[in-house]
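Engineer: Before I ask anything, here is the structure I am working with.
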Amino acid sequence: MNGKVSTQYVGEAGAHGVASELLFRGYNASITSVDEGLDIVATRGPHLYNTQVKTANVSECYYYFAFNLSSFEKSNQSNTFYVVILRDWQQHSSCSASLY
């Protein structure tokens, strides 16, 4: 192994990290078995929340996260949340985080 983790592993790690944080905050969170645009389904009381997680490791100072509009449209948009995770970006002093 060359030390670089595949993007599939990075994505799964991000989803598990977000699910863990939701559990610590009192949500009943579950990672979906099949990724059809939603990574986590969570409930708290009578409310249902859908979450899509995008995760990237820092290797360059530029990132592109794609969000599928059809996934947004077919889920309950008002309860769909998007979480973007940039891992270790602070180690690169010349980088800054921006969202467009």
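The values are calculated or read from the model by the stated rules, or taken from the named source; none is laboratory data. In this text the structure is predicted, and so the values were computed from the model without any measurement. As a convention, Cβ positions derive from the backbone with ideal geometry for all residues, glycine included, and neighbour counts pool all protein chains shown.
Engineer: Counting only residues that are surrounded by 14 or more Cβ atoms within 10 Å (Cβ to Cβ) and among the β-branched types (Val, Ile, Thr), how many does the range 6-45 have?
Structural biologist: Qualifying residue count for the region: 6.
Engineer: Can Leu48 be described as surrounded by fewer than 16 Cβ atoms within 10 Å (Cβ to Cβ), modelled with pLDDT of 80 or more and in contact with a helix residue (DSSP H, G or I) (Cβ under 9 Å, 6 or more places away or on another chain)? Walk me through it before giving the result.
Structural biologist: On the way: surrounded by fewer than 16 Cβ atoms within 10 Å (Cβ to Cβ): yes; modelled with pLDDT of 80 or more: yes; in contact with a helix residue (DSSP H, G or I) (Cβ under 9 Å, 6 or more places away or on another chain): yes.
Judged against the criteria, Leu48 is a match.
Engineer: Would you check which residues across the range 1-55 are more than 20 Å from Ser70 (Cβ to Cβ), within 9 Å of the chain's Cα centre (by Cα) and part of a strand (DSSP E or B) and list them?
Structural biologist: Hit for the range 1-55 is Thr55, nothing else.
Engineer: Same structure, new question: Could you list, in sequence order, all residues of the range 71-100 that are at pLDDT 70 or above and either surrounded by 14 or more Cβ atoms within 10 Å (Cβ to Cβ) or under 17 Å from the mean Cα position of the chain (by Cα) (or both)?
Structural biologist: Listed by number, the residues that qualify are Asn79, Thr80, Phe81, Tyr82, Val83, Val84, Ile85, Leu86, Arg87.
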